[in-house]
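Accompanying notes for the structure given below.
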Amino acid sequence: MQHGKYRFIVGFLVVPMALYVIFVIWPFIQSIYYSFTDWTGLSPDFKMVGFDNYTKMLDDDIFWKSLQHSVLLAVLLPLVTLGLALFFAFMLNVGGRRRKGAAVTGVRGSGFYKIAYFFPQVLSIAIVAILFQFAFDPAQGMINGTLKAVGFNDVPDWLGDPQLALWVIMAVLVWGTTGFFVVLFSAGMASIPKDFYEAALLDGASRFTTFFRITLPLLWDTVQSGWVYMGILALGAEGFAIVHIMSVGPGGPDYSTTVLPLYVYQSAFRDGQAGYATTIGVALLIVTLAFAAIVMRLGRRERLEY
């Protein structure tokens, strides 16, 4: 059984590892290299400029604004999304009233609710952003139209107000991502033996206690992975796409919604500063790795089995 084991393993790993190096690791190495150049992204000619791009980045007020917004999304978006998802999943699986023959049940119609919560995942993030861009339109949008219909004439310009725009975009991201984690956590909760909940309820534990003493500890690995995943989404493609489509500018007003991925895109394709854009990309890579490391370190707990 041991004969040729390592050749068998290497035979299966060599192709995916080669693809990973070519399409993931090598572009990172190229980006780090180009961050030390003045490459425009269009011309094949460029020269080395040392740490000039990094010095420029550290003195760039827009970069620091973008970094602040990205970190805010990475911290708050997982907190709100996963908190809501855990609450809804708990209610759908073990939050219902006691029924005859079952001490622990979910709410009635839980199957329908799971489908309804998951529905935003069927839609592309671009479609979600466009729909809510129309909904938040200050003149003809559904939200302001509803507010005016019930007597609120002084309606806000949701995406045109620097104090509101980022929070509106964050709310749309929460709406679009919560359903996925509701279904994910529901699957995890379904695997927890009902005997644990029944024993806790017989001992007089409340729903609140059972959630923090039973459900959350047994789902902690899933929650931790979801936190990292949501942070990467906020710092990456999802955060870029929804800000680029929904915000004024995009990134406005007055850079109030600019995030690091959007600033990378604008520096490279709008300003023709690909070398500087890759410098910001390197900073984004460091922020993403640091975020994942911090979450994994702070969330480390003894593994519970059942």
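The values are calculated or read from the model by the stated rules, or taken from the named source; none is laboratory data. All of these numbers come straight from a predicted model, not from anything done at the bench. All Cβ positions, even for glycine, are placed from backbone atoms using ideal geometry, and neighbour counts span all protein chains on display. These accessible areas exclude ligands, DNA and RNA; they are computed on the full protein's heavy atoms, side chains included. Shrake-Rupley method; radii C 1.70, N 1.55, O 1.52, S 1.80 Å.
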query: Out of all the residues in segment 131-154, is one or more in contact with a Gly (Cβ under 7 Å, 6 or more places away or on another chain) and either aromatic (Phe, Trp, Tyr) or in contact (Cβ under 8 Å) with a residue 24 or more places away in the chain (or both)?
result: yes
Matching residues, segment 108-127, being closer than 22 Å to HIS244 by Cβ and either in contact with a helix residue (DSSP H, G or I) (Cβ under 8 Å, 6 or more places away or on another chain) or of a type in the set (Lys, Arg) (or both): PRO120, GLN121, LEU123, ILE125, ALA126
statement: Of the candidates GLY231, GLY226, GLY275, the one satisfying the condition of being more than 21 Å from the chain's Cα centre (by Cα) and either in a helix (DSSP H, G or I) or in contact (Cβ under 8 Å) with a residue 24 or more places away in the chain (or both) is GLY275
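Across segment 20-55, which residue is nearest to PHE291 (Cα to Cα) among those that are open to solvent by 90 Å² or more (accessible area, probe 1.4 Å) and among the charged types (D, E, K, R)? Lay out the reasoning, then the answer.
Pass one, segment 20-55, residues open to solvent by 90 Å² or more (accessible area, probe 1.4 Å): 20, 22-23, 26, 28, 33, 42, 44-45, 47-48, 51-52.
Going one step further and asking which of them are among the charged types (D, E, K, R), we end up with 45, 47, 52.
Values: ASP45: 36, LYS47: 33, ASP52: 26 Å.
Restricting to residues being open to solvent by 90 Å² or more (accessible area, probe 1.4 Å) and among the charged types (D, E, K, R), the top hit is ASP52.
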message: Out of everything in segment 225-256 that is open to solvent by less than 30 Å² (accessible area, probe 1.4 Å) and among the polar types (S, T, N, Q), what residue ends up being farthest from PRO162 (Cα to Cα)?
response: SER247
- line: Considering segment 197-223, residues that are part of a helix (DSSP H, G or I) and open to solvent by 60 Å² or more (accessible area, probe 1.4 Å), and then whichever is nearest to ILE286 (Cα to Cα), we arrive at ASP221
message: Residue under question is ILE62, and the condition is that it be within 17 Å of LEU166 (Cβ to Cβ), assigned to a helix (DSSP H, G or I) and modelled with pLDDT of 90 or more; does it hold?
response: yes
- request: With respect to SER191, determine if the residue is without any contact (Cβ under 8 Å) to a residue 12 or more places away in the chain, surrounded by fewer than 15 Cβ atoms within 10 Å (Cβ to Cβ), more than 29 Å from ASP38 (Cα to Cα) and under 13 Å from the mean Cα position of the chain (by Cα).
  value: no
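Just wondering, is there one or more residues in segment 128-139 that are among the aromatic types (Phe, Trp, Tyr), surrounded by fewer than 17 Cβ atoms within 10 Å (Cβ to Cβ), under 30 Å from ARG300 (Cα atoms) and in contact with a helix residue (DSSP H, G or I) (Cβ under 8 Å, 6 or more places away or on another chain)?
no
Looking at segment 25-55 only, could you name the residues that are part of a helix (DSSP H, G or I) and under 14 Å from GLY281 (Cβ atoms)?
Answer for segment 25-55, where residues must be part of a helix (DSSP H, G or I) and under 14 Å from GLY281 (Cβ atoms): PRO27, PHE28, ILE29, GLN30, SER31, ILE32, TYR33, TYR34, ASN53, TYR54.
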